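Since the structure comes first, as structure tokens, the remarks are kept for the end.
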Amino acid sequence: MCGISAYIGYREAYPIVINGLKRLEYRGYDSAGVMLFDGTNVQLSKTKGKVSALEKITEEEEERKVGNIGMGHTRWATHGVPNDVNSHPHTSQSGDLVIVHNGIIENYDTIKRELITRGYSFQSDTDTEVLINLIEEVKKTEGFKLGKAVQIALTNVVGAYAISVFDKNNPNEIIVARLGSPIAIGIGKEHKEFFVASDASPFVEYTKDAIYLEDEEMAIIKIGKHVKVRKIKNDKEVKPTIQKLKMSLDQIEKGGYDHFMLKEIHEQPKAIKDTFRGRMLPLEGEIKMSSIEDHLDKFLEANRIIIIACGTSWHAGLVGEYLFEDMARIPVEVEYASEFRYRNPIITNKDVVIAISQSGETADTLAAIKLAKSKGAFVYGVCNVVGSSIARETHSGAYTHAGPEIGVASTKAFTTQITVLTLIALKLGRANGSLASHTFNDYIKKMQLIPRQVEELLNIDSHVKDIANVYKDAKNCLYLGRGFNFPVALEGALKLKEISYIHAEGYPAAEMKHGPIALIDENMPIFVIATNKGHYEKVVSNIQEIKSRAGKIIAVVTQGDVQVKEIADHVIEIPDTVEALTPLLTTIPLQLLSYHIAVLLGKNVDQPRNLAKSVTVE
């Protein structure tokens, strides 16, 4: 939710801040703004729309681009509609203080009413303008410096925030703070320049040294000085940990592809291989994961595993349920993190909770983790972003090695999450004796082939595009799958909804007769996953039922299939593998299909409306 990009140093701030906003536009893009301080005056440029609209405004007035201090913001609206006035940055009533804010201040209305009685007036509908005026009021009435005023003000707010605050009367520093929303600080050589951003992508070409603030921490950033970090509530000084960034610039650029989503779909062979590299050891016939080995007793003695996640990660968790129960014979429940945290769940110290999140910052998942820990559960994290909040909050965990995922609609995050879950299930199944040695070794051999098989699947891109062209004008679609591929049907429907805005629903194939079959007619495309494993004959029967009602069938089948080919209107073939690994293959054509339909419809594939990459507030 929202992207922050800020700079203080010796370079011209504008190009650094504006390019940072472009890289963060996947986080929020209904309005954008930038502040530059030229040594005397604060120059604000704000507009509804994307960063490109902001650039047009600043290009018209060169004086708005001058200065070595700048803060920018891309917004995903919470309080107040997207417009120029509600766009960030926001200034205090005096005009001295400037803020950019990612998050939500839940008690803003109470604070606003109090500030109005003290003579403040408000230009916007945002909670952020309330916060900056609260900081100004504390600073003015108590005589505090900016850092102390920010600290005191934040002890009086309820909600989530990542903020960067500037005072034009003390132009050598920026104050940064976080609670619930991520913020990173890039450190330049000899502390002569600093970068502040929602993630490290805006400053990766300038420095590899970064500090990630923890919850309820604030940082005072001053030119020529080491960053000082303090706890907001008790004012205790904290020694910050400087992490080395592994991200490279080419990872966050399109690399010749038309869209980040297409690039990330094509990166999946490498991402899957990178995720099992060093963990899956075919010659030794074992899975090596110290994060599991160090806590093996927790998993083997668990009464159950609870998987918590949201969105695409929840779908990966559903695949995980099939994997764990099939391979390791451990009971599994899969929960929406947003529901789990509010329904007073029964959790004990005999439960293992696996939390899945691409960003590692998902607010509901983080809250669910904290709840599970408070009940004594062992919590294991699966995420993609090194140093993220979930990585720090969990007892142990594993990173996927997908690399940066910029497209809002997750693709390689999904397949790498499934890869990690498969490795864990195999390891646990071997450890508790549920998997025989020869079965375990066969899985490893088949797993090794998956990256090459995904590459092979990507070569059918033009065939998928032809199918997309036939169904791009559909108003509704059904996705059906059984067993391991039921979650893939859900994920396929989600991808289509997210980027093309076509209504789609995923169902277990057998559930079609319990309601959805009423929707089927000659105008209804039905995407059916019908590989030759598991419940093939039953899925074929479901396809026959659809055909008899004139539905249009697009089937994902195993290479060499004959039976479904005779019935379906269109067929997409995948390479042969064992049933448990088919989701890593069946999801690929569904991703491509959604991508091509969205492109043919002229949609913004990488930044679909109303969506943001990281949901860091409720």
Of the residues Ala493, Ala489, Ala425, Ala431, only one is crowded, with 24+ Cβ neighbours inside 10 Å, of a type in the set (Gly, Ala, Ser) and touching a residue at least 60 places away in the same chain (Cβ under 8 Å); which? Ala425
What do you reckon, is Leu44 outside any helix (DSSP H, G or I) and of a type in the set (A, V, I, L, M)? yes
Within the stretch 535-546, does at least one residue satisfy the condition of being within 32 Å of the chain's Cα centre (by Cα) and more than 20 Å from Val488 (Cβ to Cβ)? no
Would you confirm whether any residue within the stretch 5-12 is part of a loop (DSSP other than H, G, I, E, B) and at pLDDT below 90? no
So, in the stretch 122-150, exactly how many residues are within 30 Å of the chain's Cα centre (by Cα) and either under 18 Å from Asn169 (Cβ atoms) or small (Gly, Ala, Ser) (or both)? 3
Scanning the stretch 13-41 residue by residue, the ones that are assigned to a strand (DSSP E or B) and either buried (at least 24 other Cβ atoms within 10 Å of the Cβ) or under 22 Å from the mean Cα position of the chain (by Cα) (or both) total 6
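Could you tell me whether any residue of the stretch 418-425 is within 25 Å of Val605 (Cβ to Cβ), modelled with pLDDT of 95 or more, in the same structural domain as Trp314 (by TED's automatic domain parsing) and touching a Phe, Trp or Tyr at 6+ places or on another chain (Cβ under 7 Å)?
yes
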Restricting to the stretch 403-439, name every residue that is under 14 Å from Phe276 (Cβ atoms) and of a type in the set (A, V, I, L, M, F, W, C). Ile418, Val420, Leu421, Leu423, Ile424, Ala425, Leu426
If you take the residues of the stretch 393-407 that are closer than 14 Å to Thr362 by Cβ and either among the hydrophobic types (A, V, I, L, M, F, W, C) or part of a loop (DSSP other than H, G, I, E, B) (or both), which of them is farthest from the chain's Cα centre (by Cα)? Thr394
Give the stretch 124-155 a look and list any residue that's in contact with a His (Cβ under 8 Å, 6 or more places away or on another chain) and either aliphatic (A, V, I, L, M) or more than 12 Å from His101 (Cβ to Cβ) (or both), or say none. Asp125, Leu131, Ile132
Restricting the search to the stretch 311-329, which residues are surrounded by 22 or more Cβ atoms within 10 Å (Cβ to Cβ), within 20 Å of Ala377 (Cα to Cα) and more than 27 Å from the chain's Cα centre (by Cα)? Ala328
Ser410 among the hydroxyl-bearing types (Ser, Thr, Tyr), at pLDDT 95 or above and not in a helix (DSSP H, G or I): no
What residue, of Val165, Val150, is closer than 30 Å to Tyr26 by Cβ, in a helix (DSSP H, G or I) and touching a strand residue (DSSP E or B) at 6+ places or on another chain (Cβ under 6 Å)? Val150
Within the stretch 185-209, which residues are out of contact with any helix residue (DSSP H, G or I) (no Cβ under 7 Å at 6 or more places or on another chain), at negative phi and without any contact (Cβ under 8 Å) to a residue 60 or more places away in the chain? Ile185, Ile187, Lys189, Ala200, Thr207, Lys208, Asp209
When the residues of the stretch 337-346 are filtered to those that are of a type outside the set (S, T, N, Q) and surrounded by 18 or more Cβ atoms within 10 Å (Cβ to Cβ), which remaining residue is farthest from Leu494 (Cα to Cα)? Pro345
Could you tell me whether any residue of the stretch 108-121 is in a helix (DSSP H, G or I), within 23 Å of Arg230 (Cβ to Cβ) and more than 22 Å from the chain's Cα centre (by Cα)? yes
Looking at the stretch 496-511, which of the residues that are buried (at least 21 other Cβ atoms within 10 Å of the Cβ) and in a helix (DSSP H, G or I) is farthest from the chain's Cα centre (by Cα)? Ala509
List the number of the failed condition for Phe378; all other conditions in (1) crowded, with 18+ Cβ neighbours inside 10 Å; (2) in contact with a Ser or Thr (Cβ under 7 Å, 6 or more places away or on another chain); (3) not acidic (Asp, Glu) hold. (2)
Checking Ile390 against (1) at pLDDT below 95; (2) not acidic (Asp, Glu); (3) not in a helix (DSSP H, G or I), which test does it fail? (3)
Filter the stretch 151-181 for residues that are at pLDDT 95 or above and small (Gly, Ala, Ser); the one that is farthest from the chain's Cα centre (by Cα) is Ala153
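Yes/no per residue for (1) closer than 23 Å to Ser359 by Cβ; (2) of a type outside the set (A, V, I, L, M, F, W, C); (3) in contact with a Ser or Thr (Cβ under 9 Å, 6 or more places away or on another chain):
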| residue | (1), (2), (3) |
| --- | --- |
| Tyr26 | yes, yes, yes |
| Asp30 | yes, yes, yes |
| Met35 | no, no, yes |
| Val42 | no, no, yes |
| Lys48 | no, yes, yes |
| Glu62 | no, yes, no |
| Thr91 | no, yes, no |
List, please: which pairs have Cβ atoms under 6 Å, are six or more places apart or on different chains, and start with a residue in the stretch 257-278 that is touching a residue at least 12 places away in the same chain (Cβ under 8 Å) and end with one that is of a type in the set (Asp, Glu) and surrounded by fewer than 24 Cβ atoms within 10 Å (Cβ to Cβ)? His259/Asp606; Phe260/Asp606; Met261/Asp606; Pro269/Glu455
Could you check the stretch 52-104 and list, in sequence order, the residues that are under 23 Å from Pro15 (Cα atoms) and of a type in the set (Ser, Thr, Tyr)? Ser52, Thr58, Thr74, Ser87, Thr91
Residue, surrounded by the fewest Cβ atoms within 10 Å (Cβ to Cβ), within the stretch 86-139, restricted to residues that are free of Cβ contacts under 8 Å to residues at least 40 places away in the same chain and among the β-branched types (Val, Ile, Thr): Thr117
Mind counting the residues in the stretch 311-354 that are part of a loop (DSSP other than H, G, I, E, B) and over 14 Å from Leu371 (Cα atoms)? 4
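The values are calculated or read from the model by the stated rules, or taken from the named source; none is laboratory data. Computed from a predicted structure; not experimentally measured. We place every Cβ from the backbone using ideal geometry, glycine too, and count neighbours over all the protein chains shown.
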